[in-house]
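The values are calculated or read from the model by the stated rules, or taken from the named source; none is laboratory data. Predicted, not measured: the structure shown is a model, and the values here were computed from it. A quick note on method: Cβ atoms are made from the backbone with ideal geometry, for glycine too, and the neighbour counts reach across all protein chains shown. To get the accessible areas, we keep the full protein, side chains included, count just its heavy atoms, and leave off ligands, DNA and RNA. Shrake-Rupley method; radii C 1.70, N 1.55, O 1.52, S 1.80 Å.
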Amino acid sequence: MRKLGKWLKIALFTGVGIIMLSVIVVYAFVIKRPTAIPVADDTKPYKWNKVELGEQTFSSDGSEYYLLTKKGESSNWIIFFSGGGVSWDEKSAAEPITILKTLKTGELGNYFANIPFYKVTLLKGMLETENADNPFQGWNVAYIPYTTGDFHIGNRTAEYNKEDGSSFTMRYNGTTNVRHSLEWIYENAGEPEKLLIAGESAGGFGSAFWASEIASHYNESDIYHYSDSSFLKSDKWPNIVDNEWNADFEAAFGFVPEADIIGSVFKANRQQLPENAILLQSYSLYDDTLIHFQYKINDDVTTPIEQKIANWSRELRTSVRSLSNLPNYYYYLTDYGLNPDKGTTPHTFTADDNFYQTEQDGVKLLRWLDDIVNKQQHYSVGGKFIE
């Protein structure tokens with residue numbers, strides 16, 4: 001048994017070493033790096049560019065924050081809010097996502113505390129505007145990274161303690177980061193014919209919060225707002241957004257957040273956005289990541305996982321059903337990719353390969369978006385799931 005244990009340790013450390021070596025090799029030879037060019041007119045088409053935004057913008061760990069942009073060949077723009085977890089209290093803030101922690105403990109963590117060096121390499125799906133299969137081919141992109149754990153709306157510097165007694169600073173700087181990003185966009189985007197304000201996961205919340213502010217700058221553009229995989233229900237939200245993140249939510253966004261915070265912002269946006277603006281949502285019916293976070297935020301450690309999956313999916317469908325009568329609101333619901341063993345489905349569609357593969361009732365996700373945004377054919381998919 002001792003020999004077996006020794007060999008297991010050797011295999012484990014060898015495996016970790018190979019992974020780390022692979023990361024180093026990828027970093028050196030494969031990872032895409034954005035170029036630092038501050039003015040949109042100076043950029044080359046379909047190359048990611050880094051826009052430095054000044055000293056007031058920074059990530060939650062104090063590291064550099066910047067905007068990423070990609071020039072296209074049309075006047076249309078995508079303003080995309082990145083996802084990447086959430087921090088809702090002192091304990092969750094002490095557990096950011098890092099490669100080393102994941103390798104060491106197998107636990108993912110709660111949010112990105114900085115912009116990963118490999119970030120640009122991961123930007124796929126609708127953000128691959130050079131891809132002929134992408135209905136947004138030729139569009140310009142402004143990608144707003146997410147490194148503050150606050151759904152892009154925080155305005156607080158908090159001093160926290162870890163379980164080992166050490167202290168750290170958590171910078172909920174989402175509001176400032178977004179405002180400086182938007183200032184650059186307003187100066188460089190011109191007047192788009194079509195403007196898609198989008199985001200996935202935590203960025204789906206952020207895009208919804210900021211959609212009305214952004215749309216007010218583009219009175220002549222066709223406005224679309226698209227939130228992908230952004231449903232987390234908790235009675236804690238009103239306290240989190242104002243007391244933990246200091247978002248001054250009602251003053252900033254014009255409505256009171258509810259337990260179904262994404263539902264409440266869609267209802268508010270229907271009043272605040274132009275009447276002809278199109279509101280879109282897409283959801284995976286048994287989203288493994290969102291289920292994990294919802295019950296973690298709500299401190300639920302007793303409900304069996306099968307019941308958690310069923311409860312979350314039922315609450316999601318209730319939310320979509322409550323929005324389905326809003327004018328110019330359309331949804332895409334799917335159980336694509338259902339894992340029969342776990343009973344869960346993948347998380348997010350827009351910025352990864354799921355964008356090209358996801359299909360429900362014979363309609364691919366990208367075709368649904370293409371029909372609505374480019375062909376003015378407005379419809380929902382997956383209605384049978386909320387009947």
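When the Debye formula is applied to the Cα atoms of the stretch 246-337, each taken as the same point scatterer, what base-10 log of I(q)/I(0) results at q = 0.15, 0.21 Å⁻¹?
-0.70, -1.11
How much space per residue, in cubic angstrom, does the convex hull of the C-alpha atoms of the stretch 129-177 take up? Walk me through the numbers before you get to the answer.
On the way: hull volume 5.8 nm³, N = 49.
Cα convex hull per residue, to the nearest whole number: 118 Å³.
For the stretch 311-387, which whole-number percentage of the solvent-accessible area (1.4 Å probe, protein heavy atoms only) is attributable to carbon and sulfur atoms?
The value for the stretch 311-387 is 45 percent carbon and sulfur by accessible area.
With the full set of protein chains in place, find how many percent of the accessible area of the stretch 207-259 is carbon and sulfur; take the probe as 1.4 Å.
Values: 760 of 2020 Å².
Whole-percent figure for carbon plus sulfur exposure: 38.
Let me see the P(r) profile for the stretch 271-384: every Cα-Cα distance counted, bins of 5 Å, each bin given as a percent of all pairs.
In order of increasing distance, the bins hold 2, 10, 20, 21, 19, 14, 8, 4, 1, 0 percent.
In the structure displayed, which of K50/K233; K296/K375; K91/K342; K119/K194 lie more than 31 Å apart, Cα to Cα?
Going by Cα-Cα distance, K50/K233; K296/K375 fall outside the 31 Å limit.
What shape does the stretch 315-354 take by its C-alpha gyration tensor, where a ≥ b ≥ c are the square roots of the eigenvalues and a/c under 1.5 counts as rounded, a/b above b/c as prolate, and the rest as oblate? Intermediate results must be reported in sequence, preceding the final value.
Working: a/c = 3.58, a/b = 1.65, b/c = 2.16.
Oblate is the answer for the stretch 315-354, as a/c is 1.5 or above yet b/c matches or exceeds a/b.
When only C-alpha pairs under 8 Å and at least 6 residues apart count, what is the relative contact order of the chain, in percent?
Details: 763 pairs, mean separation 56.3, N = 387.
Reported relative contact order: 15 percent.
Relative to the compact globular guide of 2.2 N^0.38 Å, what is the alpha carbon radius of gyration of the stretch 164-305, as a ratio? Please list the in-between numbers first.
Numbers: Rg = 16.7 Å, N = 142, 2.2 N^0.38 = 14.5 Å.
Taking N as the residue count of the stretch 164-305, the ratio is 1.16.
How high is the FRET efficiency from H378 to T303, r the C-beta distance, R0 22 Å, rounded to 0.05?
Efficiency at R0 = 22 Å is approximately 0.05.
Given a Förster distance of 25 Å, report the FRET efficiency between E130 and E258 from their Cβ-Cβ distance, rounded to the nearest 0.05.
Values: r = 40 Å, r/R0 = 1.61.
Efficiency at R0 = 25 Å is approximately 0.05.
Report, as a whole number in µm² per second, the diffusion coefficient that Stokes-Einstein gives for the chain at 20 °C and 1.002 mPa s using the Kirkwood radius over alpha carbon pairs. Present the calculation step by step, with values, prior to reporting the outcome.
Working: Rh = 21.7 Å.
Diffusion coefficient, whole number: 99 µm²/s.
Quick one: accessible area per residue over the stretch 42-101, 1.4 Å probe, rounded to a whole number of Å²?
Values: 2520 Å² over 60 residues.
Computed with neighbouring chains in place, this is 42 Å² per residue.
List the aspartates and glutamates whose Cα lies under 13 Å from the Cα of K70, skipping any in the same chain that are fewer than 8 positions away.
Those aspartates and glutamates meeting the cut-off are D41, D42, E128, E130.
Points 7 angstrom from Cα along the Cβ direction at E387 and S216: gap in nanometres?
Using points 7 Å along Cα→Cβ, the separation is 4.2 nm.
What number comes out for the charge environment of F253, summing +1 per Lys or Arg and -1 per Asp or Glu over other residues with Cβ under 14 Å away? Present the calculation step by step, with values, prior to reporting the outcome.
Working: positive: R179, K267, R270; negative: D150, E213, D242, D248, E250, E258.
Taking every other residue near F253 into account, the sum is -3.
Which net charge results when you count Lys and Arg as +1 and Asp and Glu as -1 among the other residues whose beta-carbon is under 9 Å from that of S74?
On the way: positive: K194; negative: E73, E193.
With Lys, Arg at +1 and Asp, Glu at -1, the net is -1.
Order the following by accessible area, largest value first: R317, R367, R156. Probe radius 1.4 Å; ligands, DNA and RNA are ignored. Show your work: numbers first, answer last.
Values: R317 50, R367 115, R156 80 Å².
Final ranking, largest accessible area leading: R367, R156, R317.
How big is the stretch 147-229 by Rg and Dmax over its Cα atoms, in Å?
When restricted to Cα atoms, the stretch 147-229 yields Rg and Dmax of 16.0, 55 Å.
Which net charge results when you count Lys and Arg as +1 and Asp and Glu as -1 among the other residues whose beta-carbon is under 14 Å from that of L195? Each step should come with its number before you reach the end.
On the way: positive: K194; negative: E191, E193, E213, E220, D222.
After counting each charged neighbour, the total is -4.
Tell me, what is the Rg over Rh of the stretch 214-274, with Rh the Kirkwood radius over Cα pairs? Write out the running numbers ahead of the final one.
On the way: Rg = 12.9 Å, Rh = 12.9 Å.
Checking Rg against Rh, the ratio lands at 1.01.
For the stretch 88-176, give the magnitude of the charge dipole about the Cα centre (Cβ charges: +1 Lys/Arg, -1 Asp/Glu; no others), in debye to the nearest 20.
Values: 8 positive and 11 negative charges, 30 e Å.
So the magnitude is around 140 debye.
Between S167 and N243, what FRET efficiency comes out of the Förster formula 1/(1 + (r/R0)^6) with R0 = 25 Å and r the beta carbon distance, rounded to 0.05? Each step should come with its number before you reach the end.
On the way: r = 20 Å, r/R0 = 0.80.
Efficiency, from the Cβ-Cβ distance: 0.80.
Please give the residues of the stretch 130-155, grouped as numeric ranges, whose backbone N is less than 17 Å from a label point set 7 Å along the Cα-to-Cβ vector of Q56.
Under cut-off, by backbone N: 153-155.
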